[in-house]
Amino acid sequence: MRVMNFSAGPSNLPDEVLKEAKENLFDYHGKGFSIMEISHRGKIFEEVHFEAMQMAKKLYEVNDDYEILFFQGGASLQFAMIPMNLNLGGACEFANTGVWTKKAIKEAQILGVNTKIVASSEESSFDHIPDFTFSDDADYAYICSNNTIYGTQYKKYPKTKSPLIIDASSDFFSKKIDFSNIAMLFGGVQKNAGISGLACAFIRKDMIERSKNKNIPSMLKYSVYSENDSLFNTPATFAIYIFNLEMKWLLNQGGLDKINEQNIKKAQLLYKIIDESNGFYKGHAKKEDRSLMNVSFNIAHDKNLEPIFVKEAEENGMIGLKGHKILGGIRASIYNSISFEKVKKLSEFMEYFAKKYV
Ligand code: PMP
């Protein structure tokens, strides 16, 4: 029996994906080997690799101005690769909305890049997305679309003439996006689109051009990934295989509009319980900036009840609800693969718990 898994990442995978991977783990489509046991340069793996890329582009409907690149090193390696490849000696601007933007800013600073923080919500424990504008002439403008720990999410991306870079690790493939304003959208895929070991970026070709003449080691250089179809060295073949299955699963669900509809309904269920609990629960994020992916809240009635909530939830088959150590409290991550029914079960548990302990 599988539990209801509300972990923030690595997180739940669709049953269909796990079952298909299991079926083919020992003997890949009757070939007599698993996908992990063959060359990344052979036809069989290349089919998986290129099909995954093509499905990912199809889901987001990106045009030929963009390429998709696969990396190892997680989203965290991109925190360093972005300034290395994309800074032109001018200012690189950031909106600081949580731990993950702070880490991205830190990496740029280590590299001696001229970083400018245009706004921050740190003073109120990152409970909202601040109002701000980026300059029109920055080398790039950087945001994190969904703040996994604090449970805030941009409803609209800022308009700027500077190339907009988005860390979408925790709302990757969760909704359609208008790419017209975006120079790079990237993330680790282990929350909404696969397993750890693979990070992926949609990157506009002019950004790849920027890296071409830079003196950067090959494995850190976007143009090297682009020129080699992300096969410059041995990639994380199994993670790419699972990503392929996830892309197929998303297409079978009806694509990103359909998944987004589901995601909205799921999040509404939980926020409704929080808002109608007469102060028993309190959401961390300001209402207008609430995340559809990570619902972070406290038991305001009595914080000592939080570990009891986590324990009793586990006894009821729900895991991964303990908040991040920085923020504490409770966090329910309700990514793409968590069904409406599972979120309904959690909402019923929250109602029951509030009645029991009020
Ligand atoms: N950005 C965001 C928004 C994240 O949530 C995380 C991981 N929780 C990261 C970046 C770092 O990702 P990775 O562990 O893949 O480096």
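The values are calculated or read from the model by the stated rules, or taken from the named source; none is laboratory data. Since this is a predicted model, take the numbers as computed values, not measurements. Reconstructed Cβ throughout: ideal geometry from the backbone, glycine too, with neighbour counts over all protein chains shown. Surface areas here come from the heavy atoms of the whole protein model, side chains and all, with no ligands, DNA or RNA. Shrake-Rupley method; radii C 1.70, N 1.55, O 1.52, S 1.80 Å.
Assorted remarks:
- Test: residue in the stretch 181-195 that is open to solvent by 10 Å² or more (accessible area, probe 1.4 Å), touching a Ser or Thr at 6+ places or on another chain (Cβ under 6 Å), near the ligand (Cβ under 8 Å from one of its atoms) and assigned to a loop (DSSP other than H, G, I, E, B): yes
- Enumeration of residues in the stretch 279-314 that are surrounded by 19 or more Cβ atoms within 10 Å (Cβ to Cβ) and in a loop (DSSP other than H, G, I, E, B): F280, Y281, H284, A285, S291, L292, M293, I299
- Residues that are in contact with an Asp or Glu (Cβ under 8 Å, 6 or more places away or on another chain) and either within 16 Å of the ligand (Cβ to nearest atom) or under 18 Å from S174 (Cα atoms) (or both) within the stretch 128-153 comprise I129, Y142, I143, C144, S145, N146, Y150, T152, Q153, listed in sequence order.
- Sole residue being more than 15 Å from the ligand (Cβ to nearest atom), in a helix (DSSP H, G or I) and crowded, with 17+ Cβ neighbours inside 10 Å, chosen from A52, A104: A52
- Subset of the stretch 208-231 [out of contact with any helix residue (DSSP H, G or I) (no Cβ under 6 Å at 6 or more places or on another chain), of a type in the set (A, V, I, L, M, F, W, C) and in a helix (DSSP H, G or I)]: M219
- Condition met for G329 (more than 18 Å from M1 (Cβ to Cβ), of a type outside the set (K, R) and either open to solvent by 10 Å² or more (accessible area, probe 1.4 Å) or free of Cβ contacts under 8 Å to residues at least 12 places away in the same chain (or both)): yes
- Residues in the stretch 315-356 that are in a loop (DSSP other than H, G, I, E, B) and within 22 Å of the chain's Cα centre (by Cα): 15 in all.
- Of all the residues in the stretch 81-101, those that are within 15 Å of the ligand (Cβ to nearest atom) and open to solvent by 50 Å² or more (accessible area, probe 1.4 Å) number 1.
- Residues that are within 19 Å of I117 (Cα to Cα) and in contact (Cβ under 8 Å) with a residue 60 or more places away in the chain were ranked within the stretch 155-180; the one that is surrounded by the fewest Cβ atoms within 10 Å (Cβ to Cβ) is P158.
- Qualifying residue in the stretch 206-214 (condition: within 20 Å of P163 (Cβ to Cβ), touching a Phe, Trp or Tyr at 6+ places or on another chain (Cβ under 6 Å) and among the polar types (S, T, N, Q)): yes
- Listed conditions (1) touching a strand residue (DSSP E or B) at 6+ places or on another chain (Cβ under 7 Å); (2) touching a residue at least 60 places away in the same chain (Cβ under 8 Å) are all met by M247, apart from (1).
- If you go through the stretch 213-234 and keep only what is open to solvent by less than 20 Å² (accessible area, probe 1.4 Å) and over 19 Å from M184 (Cα atoms), you end up with just L231.
- Applying the criterion of being open to solvent by 70 Å² or more (accessible area, probe 1.4 Å) and away from the ligand (no atom under 16 Å from the Cβ) to the residues of the stretch 2-30, the residue that is farthest from N316 (Cα to Cα) is H29.
- Under the condition of being among the hydroxyl-bearing types (S, T, Y), within 15 Å of the ligand (Cβ to nearest atom) and touching a helix residue (DSSP H, G or I) at 6+ places or on another chain (Cβ under 8 Å), the residues counted in the stretch 158-180 number 2.
Rundown of residues vs (1) more than 16 Å from the ligand (Cβ to nearest atom); (2) assigned to a loop (DSSP other than H, G, I, E, B), yes/no style:
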residue: F70; (1), (2): no, no
residue: F79; (1), (2): no, no
residue: G112; (1), (2): yes, yes
residue: K116; (1), (2): yes, no
residue: F126; (1), (2): no, yes
